[in-house]
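*Asks:* Got a structure here, written out as C-alpha cells. Questions coming.
The values are calculated or read from the model by the stated rules, or taken from the named source; none is laboratory data. None of these values were measured; they are calculated from a predicted model. Positions of Cβ are generated from backbone atoms using ideal geometry, with glycine treated the same way; all protein chains shown enter the neighbour counts. To get the accessible areas, we keep the full protein, side chains included, count just its heavy atoms, and leave off ligands, DNA and RNA. Shrake-Rupley method; radii C 1.70, N 1.55, O 1.52, S 1.80 Å.
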Amino acid sequence: MATKRTQIAYRCPDCATATVGFLGGLSSVSDMLRLKCECGESALDIKRQNDGKINLSVPCVYCKSNHSYVLSPEIMMRDELTKFSCPYSGMGIAFIGDDESISKEIENSAEELSRIMASLEAETVSDIQPQDVGEDSMPPDPAIYDTLNFVLRDLEAEGEVHCPCDNGSYDLRFTDDGMQAYCKNCGATYDFYARSVSVAEEYLTIDSITLK
Ligand SMILES: [Zn+2]
Ligand SMILES: [Zn+2]
Ligand SMILES: [Zn+2]
C-alpha cells in the first residue's frame, strides 16, 4: 500500500479540543490504533478487521456517544478529504485527509460548533449534548446508519454512485422511512427504505445507486 501522510482528526466531546493523529501506521490484521485527547476523557479507536476493512469508533461531540464507521482501506490513498458525520445531527465529527485539508476542516468544524453553541446560547459543549434520552425520543438504531454508510462508501469507492452533477460528495441522513443518501453538491437524493438493520443489510448486495 502506498504510504501517504494521511491524518485523522476528531473533536473531544468533553473538552471540545480537536486531536489529530497519523493514520499510516495501520498495516497488519491485528493492528489497532487509539487516538486520545490530551484531557484523557475521550479516544478514537481505529481497528483493522479480518476482512481488511477499517473500523472507526469516533466520540461524537454532539451526542457524547461513539459512532462507528466501516471503511475500505483505499480511503488512505484518496486525495480528497473524507468527512464522517454524526448520524443524528449531520455534523462532521471526524476527518481523514492530508495535513493541509485536515487543518482547514478542523477550523471549519470549530466554526460550525461555535455557531451551534451560540444559537443555543450554550456555554460549554456539554450544554448542546443530550442530557437524558427518554424512551420516546430514542434515536434510530445507529447500526442502520453503519450498514448503509458502508454500502454508500463501498459504492462510492467503486464509482457506482451516480448523481446529476457527477461530481458529488455524498452523505446520509435519517428520514421517516429509513435513510437518505444525498449529494452535498447538487442536493439530489436516494432513499434507502430501511427501518431495521435486517432490511438495511439487504442493500449490501446492490450494484449501484442513482441519486435524483
Ligand atoms: Zn478532551
Ligand atoms: Zn453524534
Ligand atoms: Zn450531485
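*Asks:* Applying a 10 Å radius around every beta-carbon, put 123-130, 57-64, 150-157 in order of their mean neighbour count, most first.
*Replies:* Descending packing order for the listed peptides: 57-64, 150-157, 123-130.
*Asks:* In this model, which of Lys64/Lys212; Lys64/Lys184; Lys104/Lys184 are farther than 30 Å apart at the alpha-carbon?
*Replies:* Exceeds cut-off: Lys64/Lys212.
*Asks:* Please list the non-local residues whose amide H lies under 5 Å from the amide H of Asp98, H modeled 1.01 Å from N, same-chain partners needing a gap of 5 or more.
*Replies:* Gln7
*Asks:* Hey, what number do you get for the chain at 222 nm if only DSSP H runs of n ≥ 4 count, each worth -39500 (n - 2.57), divided across all residues, to the nearest 500?
*Replies:* Theoretical 222 nm ellipticity from helices: -6500 deg cm²/dmol.
*Asks:* Probe radius 1.4 Å, ligands and nucleic acids ignored: give me the carbon and sulfur share of the accessible area of the range 142-210 as a rounded percent.
*Replies:* Here carbon and sulfur together make up 42 percent of the probe-accessible area.
*Asks:* List the trypsin sites (Lys or Arg not before Pro) in the range 75-109 that DSSP assigns to loop (not H, G, I, E or B) and whose Cβ has at most 11 other Cβ atoms within 10 Å. Which are they?
*Replies:* Those that pass, being in a loop and sparsely packed, number zero.
*Asks:* Which residues in the range 185-212 have a backbone N closer than 16 Å to a point placed 7 Å from the Cα of Asp177 along the Cα-to-Cβ line?
*Replies:* Of the residues in the range 185-212, 188-196, 199-200, 203, 209-212 have backbone N under 16 Å from the label point off Asp177.
*Asks:* If you take every residue apart from Ala157 with its C-beta less than 10 Å away from the C-beta of Ala157, what net charge results, scoring Lys and Arg +1 and Asp and Glu -1?
*Replies:* Neighbour charge sum, excluding Ala157 itself: -3.
*Asks:* Let me ask another. Let me check I've understood the local charge: for Met179, count other residues with C-beta under 12 angstrom from its C-beta, Lys and Arg +1, Asp and Glu -1. What total comes out?
*Replies:* -4
*Asks:* Among bridges DSSP assigns within the range 142-210, what percent are antiparallel (round to 5)?
*Replies:* Taking every DSSP beta bridge within the range 142-210, about 85 percent pair in antiparallel fashion.
*Asks:* For Asn167 and Thr17, calculate 0.36 nm times their separation in residues minus their Cα-Cα distance, and state this gained length in nm to one decimal.
*Replies:* Value of the extension gain: 50.8 nm.
*Asks:* Quickly work out the Gln129-to-Thr189 label distance, labels modelled 7 Å from Cα along the C-beta direction, and quote it in nm with one decimal.
*Replies:* So the label points at Thr189 and Gln129 sit 3.1 nm apart.
*Asks:* Please give the contour-minus-distance gain from Ser103 to Glu202: 0.36 nm per residue of separation, less the Cα-Cα distance, rounded to one decimal in nm.
*Replies:* Answer, rounded to one decimal: 31.9 nm.
*Asks:* Quick check: pseudo-label points 7 Å beyond the Cα along Cα→Cβ at Ala110 and Gln49, how many nm apart are they?
*Replies:* Modelled inter-label distance: 3.5 nm.
*Asks:* Once the principal axes of the Cα atoms of the range 8-118 are found, what is the range along each, listed largest first in whole angstroms?
*Replies:* Per principal axis, max minus min of the Cα coordinates gives 43, 28, 26 Å.
*Asks:* Restrict the search to the range 33-83; then list the GluC sites (Glu not before Pro) that DSSP places in a loop and that have at most 10 other Cβ atoms within 10 Å of their Cβ.
*Replies:* Hits after loop and neighbour filter: Glu38, Glu80.
*Asks:* Right, here's the next one. Using a 1.4 Å probe on the protein heavy atoms, what percent of the accessible area of the range 7-126 belongs to carbon and sulfur?
*Replies:* After summing per-atom areas, the C and S share lands at 46 percent.
*Asks:* Just add up the charged neighbours of Val125: K/R +1, D/E -1, any other residue whose Cβ is under 15 Å from the Cβ of Val125.
*Replies:* -4
*Asks:* What residue among Ala110, Gly40, Cys165 has its Cα farthest toward the positive end of the dipole of the range 35-189, where the charges are +1 on Lys, Arg and -1 on Asp, Glu, each on the Cβ?
*Replies:* Projecting each Cα onto the dipole axis, the largest value belongs to Gly40.
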